[in-house]
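Have a look at the structure below before the remarks.
The values are calculated or read from the model by the stated rules, or taken from the named source; none is laboratory data. These figures come from a predicted structure and were not determined experimentally. Neighbour counts run over all protein chains shown; Cβ positions are idealised from the backbone, glycine included.
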Amino acid sequence: MPIGPYWNYIGNTTWQTCEQISFRMTLNESPVEITDIDIDADGNPRLTLNLSSRVQPGEILSWDEEWLFAVVNRRPTLPHISIAQAGTLDDIQLLMEPEDYSLYTRGTSLWKTGNATLIEIAQLIADQIPSQQPYPRQDALSLVLLAIQWIQDNISRSTGVTEPQYPEETIVSMIGDCDDQSNLLITFLRIYGIPSYLTTGHWFQEGARTSGFIWGSLEDNAYRYVDYHNSVGHGWVMAYIPPWGWLPFDLYSLEQGANPIEAYTESLFASTLPFVTLWQIESSDYIAKRRAEETNLFTYEIHRIELEEWTSLGSIPIIDADYLATNMATLIALILTLGFLTFLVGLAVRQATKEEPNRDSKALIQ
């Protein structure tokens, strides 16, 4: 089973600029060479790695990365927004280029804008707009806030380690985490003709820990176990709302019963927490890719353990005068240690212990 030659790379957005300071990447303690950086279907940077190794039955591979990034621009203060000032759906098409409008409003295999159930719910939400603002002359912000309110009222939050669901699955289960709820909101917005997409990333939070089995268990012939320290993975929506343009809406920032506008005002963007945007999803189907990974994992009987730790270096000075001339300030430096992707392949490789994998599990791959 060959290891894929591509790797996600931290990208920049209009809200954040990261500067790579250094990196280290090894496979079984041998350096891994990056041969190229290209762009994926969603516009995210993607590394091409020089890997020729194949996983043999019973083999243990240890993958290790350490990245040092500096976040070099401060996010601009979020503008004050209100329904009274918001533009209409027609304004969006006047302000955006036709190809951009089409890209960010079209249905995909992830956001099924043609799904009858989702269309029916979206229309019920839109019907709450006062009759003096008939569809499609509704202001875009009202539709966003009403859709957020519906999700808040009807979709419970999932806890622990969960795999992403499609929006139509979230409607059935009536439960979802940050990206599940975000994808549902994006589907509603695209049905209305409001450009939107998903953004994902991590924010640094001292002492935070997310761990558990994503797929399988110790008793299964295959599993994927994750153990993330000092960071919280997150997903949120970027929506184009005239006259302000692209705005963040973070459904997990809402307390129970809170005004839906707080999905904007209390979003991660509005906080002072250090965070790094990893990638944005505009049209691709990351859920399908993850499910294909799960199929491969069980097909080839792979045991995969991921240890990840983030460390904040705080605000650090950059001495290079040219660097300071082009960047306002260095705010946060984050070391991301992606403490491997471990593959234990074949029935011959079985763990003797039945304890839950933890940091001591790294001994298995050394």
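Before moving on, here are some points about what is shown:
- Scope the stretch 161-179; condition among the hydroxyl-bearing types (Ser, Thr, Tyr) and crowded, with 18+ Cβ neighbours inside 10 Å; matching residues: Tyr166, Thr170
- Selection over the stretch 113-148 of residues that are part of a loop (DSSP other than H, G, I, E, B), out of contact with any Ser or Thr (no Cβ under 7 Å at 6 or more places or on another chain) and modelled with pLDDT of 95 or more gives a count of 2.
- Flag set for Pro260, criterion: in a loop (DSSP other than H, G, I, E, B) and either surrounded by 13 or more Cβ atoms within 10 Å (Cβ to Cβ) or modelled with pLDDT of 60 or more (or both).
- Leu78 surrounded by 12 or more Cβ atoms within 10 Å (Cβ to Cβ) and part of a loop (DSSP other than H, G, I, E, B): yes
- Given (1) polar (S, T, N, Q); (2) surrounded by 16 or more Cβ atoms within 10 Å (Cβ to Cβ); (3) at pLDDT 85 or above, number of the condition Gln85 does not satisfy: (2)
- Selection count where residues are part of a loop (DSSP other than H, G, I, E, B) and either of a type outside the set (A, V, I, L, M, F, W, C) or modelled with pLDDT of 80 or more (or both), scope the stretch 29-55: 11
A quick yes/no check of all residues on (1) at pLDDT 75 or above; (2) over 21 Å from the mean Cα position of the chain (by Cα); (3) loosely packed, with under 15 Cβ neighbours inside 10 Å; (4) under 29 Å from Asn183 (Cα atoms):
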site: Arg304; (1), (2), (3), (4): yes, no, no, yes
site: Ile316; (1), (2), (3), (4): no, yes, yes, no
site: Ala329; (1), (2), (3), (4): no, yes, yes, no
site: Phe343; (1), (2), (3), (4): no, yes, no, no
site: Leu347; (1), (2), (3), (4): no, yes, yes, no
site: Arg350; (1), (2), (3), (4): no, yes, yes, no
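- Checked against (1) in contact (Cβ under 8 Å) with a residue 12 or more places away in the chain; (2) part of a helix (DSSP H, G or I); (3) out of contact with any helix residue (DSSP H, G or I) (no Cβ under 8 Å at 6 or more places or on another chain); (4) of a type in the set (Gly, Ala, Ser), Gly58 meets all criteria but (2).
- Gly212, sole failed condition from (1) of a type outside the set (Asp, Glu); (2) buried (at least 17 other Cβ atoms within 10 Å of the Cβ); (3) at positive phi: (2)
- Per the conditions (1) crowded, with 20+ Cβ neighbours inside 10 Å; (2) not assigned by TED's automatic domain parsing to the domain that holds Asn154, the sole criterion not satisfied by Val276 is (2).
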